[in-house]
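The values are calculated or read from the model by the stated rules, or taken from the named source; none is laboratory data. This is a predicted model, so every value here is computed, not measured. As a convention, Cβ positions derive from the backbone with ideal geometry for all residues, glycine included, and neighbour counts pool all protein chains shown. Accessible surface is based on the protein model in full, side chains and every heavy atom, while ligands, DNA and RNA are left aside. Shrake-Rupley method; radii C 1.70, N 1.55, O 1.52, S 1.80 Å.
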Amino acid sequence: MDGSEQLLYLEETAGITIVIDEELGSEIRDISFSLSGLPDNTPHKANKDNIYGRIQDLLKQGWRHMYHFPAPRIPGDQAGRLTDARGHSLAHPWFDPRYEFSLDNWIKFRRTYHWYLHKDGYYLHLSVRRENSEMEPLESGTYLTSLELMTEESYWRKHFEYEQKAQWKELLPELLEEYRQQRAAREEAAIAAGIRIEDDYRDPYIRELAKRNDN
């Protein structure tokens, strides 16, 4: 909850970790949830369906897809056009929550999956780690799913080294400009390769920057 507004609803969790940075005060800044999953060595398809069910639930709660800076704005419907997705993106377009990629690609992909979402100044990072079955690695596996809910400050502080975190507000504009330049270069390469960019997408509104500009 944020005041009277419900940010996130989960039917069940396997564990919760709450982060309070005493140097910054007593407010909760980060909550990580271990999500209940399917039994060990369940078929990959069942796990994939279960995870996408959770993603759809988050979208229905008002969470929106976020392109993780400095990844280019390549929507999921363009992922099939990439011969080398990592050549264009740090965050694979397959992880656009608005699109579900095939089971074949799901199994071929590396064993860690990431989705990023935002809502009203808060950020969500959904991560999944897969361990294939020893007996039938292409058929089944064990999945560990976690969900990290972050305040704006907690999210952006993670982009800096420890000794820089205290000055994150002052350093953020320069970092964002670096990210924009990196994104522009990657998008230029993608466009040259015939890949569509979601150029009407806008990054999440950063309240702390707005405050600084008002002052």
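Need one number: the % of Cα-Cα pairs in the range 1-60 sitting beyond the 15 Å mark. Don't jump to the answer; show the numbers that get you there.
Values: 1157 of 1770 pairs.
Every Cα pair in the range 1-60 considered, those over 15 Å come to 65 percent.
Build a GNM of the chain with springs between Cα atoms under 10 Å apart, and of ASN105, ASN50, ASN41 the one that fluctuates most is ASN105. For LEU35, the residues 5 or more places off, or on other chains, whose built amide H falls under 5 Å of its own are ALA14, THR145, SER146, LEU147. Rounded to the nearest 5, the antiparallel percentage of DSSP beta bridges internal to the range 1-131 is 100%. The modelled label-to-label distance between ARG98 and GLN61, using points 7 Å beyond Cα along the C-beta direction, is 2.1 nm.
Which part of the range 140-177 falls in the paramagnetic zone of VAL19, meaning amide N under 15 Å from the point 7 Å along Cα-to-beta-carbon? Backbone N within reach: 146-166, 168. Only Lys, Arg, Asp and Glu carry charge here, each on its Cβ (+1 for the first two, -1 for the last two); on that basis the range 123-215 has a dipole of about 260 debye about its Cα centre.
Applying a DSSP loop filter and a limit of 16 other Cβ atoms within 10 Å to the GluC sites (Glu not before Pro) in the range 1-88 leaves GLU11, GLU12, GLU22, GLU23, GLU27. Sites listed here are chymotrypsin sites (Phe, Trp or Tyr not before Pro) in the range 95-183 whose DSSP assignment is loop and whose Cβ has at most 12 other Cβ atoms within 10 Å, and the list is empty.
List the equivalent ellipsoid semi-axes of the range 52-166 in whole Å, largest first, each obtained as the square root of 5λ for an eigenvalue λ of the Cα gyration tensor.
On the way: eigenvalues 128, 60, 51 Å².
One finds semi-axes of 25, 17, 16 Å for the range 52-166.
Around GLU100, with a cut-off of 13 angstrom between Cβ atoms, what is the net charge of the other residues, counting Lys and Arg +1 and Asp and Glu -1? Charge balance in the 13 Å sphere: 0. The apolar share of the surface of the chain, taken as the fraction of accessible area on carbon and sulfur atoms (1.4 Å probe, ligands and nucleic acids excluded), comes to 47 percent. Under 5 Å from the amide H of LEU7 lie the amide H atoms of ASP2, each residue being 5 or more positions distant or on a separate chain, with H modelled from the backbone and absent for Pro and chain starts. Diffusion coefficient of the chain by Stokes-Einstein, Kirkwood radius over Cα pairs, 37 °C, 0.692 mPa s: 174 µm²/s.
Under 12 Å from the Cβ of ARG180, count the other residues' Cβ atoms, weight Lys and Arg +1, Asp and Glu -1, and hand me the total. Mind showing how you got there, number by number?
Working: positive: ARG73, ARG183, ARG186; negative: GLU174, GLU177, GLU178, GLU187, ASP203.
Net charge around ARG180: -2.
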